[in-house]
1. With a 10 Å Cβ neighbour count serving as the proxy for reagent exposure, in which order, fewest first, do ARG194, ARG208 appear?
2. Want the number for ASN30 to GLN247: 0.36 nm per residue separation, take away the alpha-carbon distance, what's left?
3. Please go through the residue pairs LYS118/LYS147; LYS211/LYS245; LYS78/LYS227; LYS59/LYS80 and name each one whose alpha carbons sit more than 18 Å apart in this structure.
4. Can you check what the net charge comes to around LYS147, using other residues whose Cβ is under 15 Å from the Cβ of LYS147 (Lys, Arg +1; Asp, Glu -1)?
5. What percent does the relative contact order of the chain come to when contacts are Cα pairs within less than 8 Å and at least six residues apart?
6. Helix-only estimate, please: 222 nm mean residue ellipticity of the chain, summing -39500 (n - 2.57) across DSSP H runs of length 4 or more and dividing by its residues, to the nearest 500.
7. Which semi-axes, in whole Å and largest first, does the equivalent ellipsoid of the chain have when worked out from the alpha carbon gyration tensor as the square roots of 5 times its eigenvalues?
8. What is the order of ARG241, ARG110, ARG222, fewest Cβ neighbours within 10 Å to most?
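Every number in this text was worked out from the coordinates using simple rules, so none of it is lab data. Worth saying up front: this structure is predicted, and the values here are computed from it rather than measured. A quick note on method: Cβ atoms are made from the backbone with ideal geometry, for glycine too, and the neighbour counts reach across all protein chains shown.
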Amino acid sequence: MFLVAVTVLVNVVAITDARADEVPPAIAPNRGGIVLTFDDRNFDDWVKAIPLFDEFGVKATFFISGKIDGPAVEAIRKLKDHGHAIGSHSVHHLKAVEYCQEKSPEEFLRHEIQPQLKEFEAADAMPTSFAYPMSRNDAVTDETLLKVFRHLRTGKNVADGERVCDVDAFFVAANSISQHGCLYAKGIDYAPTRADRTYEQIDAALTRAAKRNEIIVLYAHRICDTKPAGGHFVTPEALTRVFSKAQELNLPFCTFDQLP
Ligand SMILES: [Zn+2]
């Protein structure tokens, strides 16, 4: 009788573990992948896009700015339930470089990072990564923030006529990702209507990542069909196009939490 009870208990534990483990394991260390990210507080768009992400098994990272209040907590719960990760995008969405120069790195941590981390912790969503507002970073801000986060995300512009797949800064060998604290991300808002983010550009970049086993980070903001009154956006159609290409290339999506 005792043995039966133990067996049942073990089975229950195993099943519970399997459910808790629904987030895919960390990426294979030698395999390329896409880290798809979204910024700010576009909770309604993001939650609405969950079925699209699920359709393609895409796990993304959402960098939230501002207070982790009721609407933020609700969105975090829904996104996390579907395997997505949450990152910090600071309290007031200020330029980190300028803030650290005018005040100090310590003050930046005290006022722009720590209050939000406390709220994230209360929401059971402690972030491992941080995205720079307006991609404003330098060596000082990187050093400061890497004491708190495993990875940072900044951005980088592409010069006219330049091919994204030729910009080495966007690509990091998967097996060396743990040595790259700050990663350069490529914006995909307005894809495919801008020269640096046509489908041809994106396809070539994803193909490079797949062929060379590199990680590429992409970022966008809102997810909607037409240009909203405020904010940058990517359409569900463009995301579907990117997801299909990734599938064709057998290039997996991973979250910042899954990066070593
Ligand atoms: Zn932002």
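1. ARG194, ARG208
2. 76.3 nm
3. The pairs that break the limit, which is 18 Å between Cα atoms, are LYS78/LYS227.
4. Charge balance in the 15 Å sphere: -3.
5. Once divided by the residue count of the chain, the mean separation gives 26 percent.
6. The helix contribution divided over the chain gives -11000 deg cm²/dmol.
7. They are 30, 24, 19 Å, listed largest first.
8. Placing the least packed residue first, the sequence is ARG110, ARG241, ARG222.
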